Amino acid sequence: MNIREATFEWMRARGIHHIFGNPGSTELPFLVNLPDSVRYVLALQESIAVAMADGYAQASGQPALINLHVAPGLGNAMGVLFTALKNRAPLIVTCGQQDTRHIFHEPLLSGDLVGMARPVTKWAYEVKHAADVPDALEQAYHLAMTPPRGPVFVSIPMNFWDAPAEPPRLKTLHAPDAPQGLEAVAEALASAQKPALVYGAGVGGAGAVAEAVALAERLGCAVYHAPLNSRMGFPTSHPLYEGMLLPATPRLMQALSQHDFVLVVGAPVFLLYPYFPGGMLPPGVRAMLITDDPQEASRAPVERAFVGDIRRALAMLAERVPPRDYKMPSRAVDEARRRSEATRARSKMGAFFVLHALARHLPDNAVVVDEAVSSSLCLREFVRLAPTHDYYTSASGGLGWAMPASIGIKMAQPDRPVVCIIGDGSVMYSVQALWSAREENAPVLFLVLNNGAYNILKSFTMAFYPGSGVQGLDVPHLDLVQLAQGVGVHAERLTTPEAVEEAIPRALQMRQPVLLDVAIDPTVPSLF
């Protein structure tokens, strides 16, 4: 057995059946003679490969294996690796280093791969001895999967793959259980006059939405999503849901000041942007945090923070907190308001109208992937999601993630419809992903809200620099339909309300990737 064969055996034992990548010369010694049980998922650029793997890993709950091409390939991938780190996506990123027998002379493509990868991964290591490759991959597996999950990096010199190897050694690591001391949380929730729950991406990542609902319904209290949450932590169609907290201190204070105790679960306290003076919590409001991230716990401005398994913690609290007597609120007025706003926006092709049209036809088990940016708040408001739905967006705020991530999510959950809602500017960060969607037979609906500009930046300019102008914020002359058709993807340009209402339900039924380029009202939305 050589190192290559030992690695394939390790992949089989760990249930890893895909390699995401864009191959290069230093990776060929690894990729020759791939077994039939492994599929190489080709991307046309390294950032696409990483984002596809990110979506696959988050949706499957299992680590995804990526193979990058030395320093230039790693450089191309670093922006999306930063997003994967913030997304807490369990990725095992391998990279082909140059041949060690001449690396002293800095041959073509060589570089300090570990130094490049360290800031955007949980752990970065270059294998020094060929025999250590299987053990390094096993360590990477466990580090990627140990909460808080995230990408890890292993650099493997190209001349190691044919060296002799022992069979891979697998081990079992037991993850932390529920946090200790949850009695204090249960007591605070029970004694509070008006408690609130703030759920973050960590709830969805832990598969704990059902437990989050059970605790909320036990208390009958208001539930918010944490600012800029990147996964669904609570069904947004639920009557107890009060919306996402906005990432601006004045609006955050306004929402939380009506409560006397706030329990934050699976989120930092709090992710904010832009800067406003003031604290994170209103004066006199008690707050506690439950997280699986010790760093998140250590910096949170709360009276107590608990580190451990989020799902177990929520289940225990739902059992221990005494039930309250309350009447479930009605959301009929809110739904009527959304219908009214969508109707008013119809004639101008406003984002409200387009997203409400999508919501009317969204399948019961659909996954929504969001990189709409200037329309993201509108999306969260108008596309209300049930417990059977799911939601993803980039936790880093970086662009170029959603299109390829949607493909990875579809690969991991092929029976679920996947809709990627994205802005026209965002499309151009990862348009190569359309080719991968076609090649992987991934029937994703890419719904482009095309306003012909970087409207989110115009919103910032309008809010913070009124009366000023900034160059470079318009994006004219993009023919997204021709770009999509050029890589074999069905695409349509929609310019009328009637076309939108007809095309969305039809596209959701098509068994192939589809891009709908919707010309929406270019009016710059208010930031807050």
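Numbers at a glance
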{"item": "FRET efficiency for residue 439 and residue 2, using Cβ-Cβ distance with R0 set to 35 Å, rounded to 0.05", "result": "0.70"}
{"item": "Mean Kyte hydropathy of -1.0 or more with a Cα span along the axis of at least 27 Å, helices from DSSP in the chain", "result": "none"}
{"item": "Residue-span extension gain [residue 333 to residue 257] - 0.36 nm each, minus C-alpha spacing", "result": "25.0 nm"}
{"item": "Near-label residues of the range 1-30 by backbone N, under 15 Å of a point 7 Å along Cα→Cβ of residue 131", "result": "1-3"}
{"item": "Cross-link partners of residue 327 among aspartates and glutamates (Cα-Cα below 15 Å; sequence separation of 8 or more within a chain)", "result": "217"}
{"item": "³J(HN,Hα) computed for each position of the range 192-201 - Karplus, 6.51 cos²θ - 1.76 cosθ + 1.60, integer Hz, glycine/proline x", "result": "5, 6, 9, x, 9, 10, 10, 9, x, 4"}
{"item": "11 Å beta-carbon shell around residue 223, net charge (K/R +1, D/E -1)", "result": "-2"}
{"item": "Set of lysines with alpha-carbon distance to residue 458 below 27 Å, sequence-local pairs under 8 removed", "result": "86, 348"}
{"item": "Residue 325-residue 142 pseudo-label distance in nm [points 7 Å out on the Cα-to-Cβ vector]", "result": "5.3"}
{"item": "Pairwise label distance in nanometres, residue 482 with residue 499, each label 7 Å out on the Cα-Cβ vector", "result": "1.6"}
{"item": "Rounded Å value of the spacing that divides the Cα centres of the range 309-371 and the range 418-453", "result": "24"}
{"item": "Extension reserve of the residue 162-residue 44 stretch, reckoned as 0.36 nm per residue once the Cα distance is removed", "result": "39.7 nm"}
{"item": "Relative contact order of the chain, defined on C-alpha pairs under 8 angstrom at six or more residues apart (%)", "result": "13"}
{"item": "Chymotrypsin sites (Phe, Trp or Tyr not before Pro) within the range 306-357, DSSP loop, no more than 10 other Cβ atoms inside 10 Å", "result": "none"}
{"item": "Label point 7 Å beyond Cα of residue 99 along Cβ direction - residues of the range 1-20 with amide nitrogen under 18 Å", "result": "3-4"}
{"item": "The range 183-320: relative contact order as a whole-number percent, Cα under 8 Å and 6+ apart", "result": "27"}
{"item": "Least to most buried among 275, 454, 392 (fewest other Cβ within 10 Å first)", "result": "275, 454, 392"}
{"item": "FRET efficiency, 1/(1 + (r/R0)^6) with R0 45 Å, evaluated for residue 295 and residue 343 via beta carbons", "result": "0.45"}
{"item": "Residue 36-residue 237 FRET efficiency (beta carbon distance; Förster radius 51 Å; 0.05 resolution)", "result": "0.70"}
{"item": "Counted charge near residue 39, where neighbours are those whose Cβ lies closer than 12 Å (Asp, Glu -1; Lys, Arg +1)", "result": "-3"}
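Every number in this text was worked out from the coordinates using simple rules, so none of it is lab data. Computed from a predicted model, the values in this text were never measured in an experiment. Backbone-built Cβ (ideal geometry, glycine too); neighbour counts: all protein chains shown.
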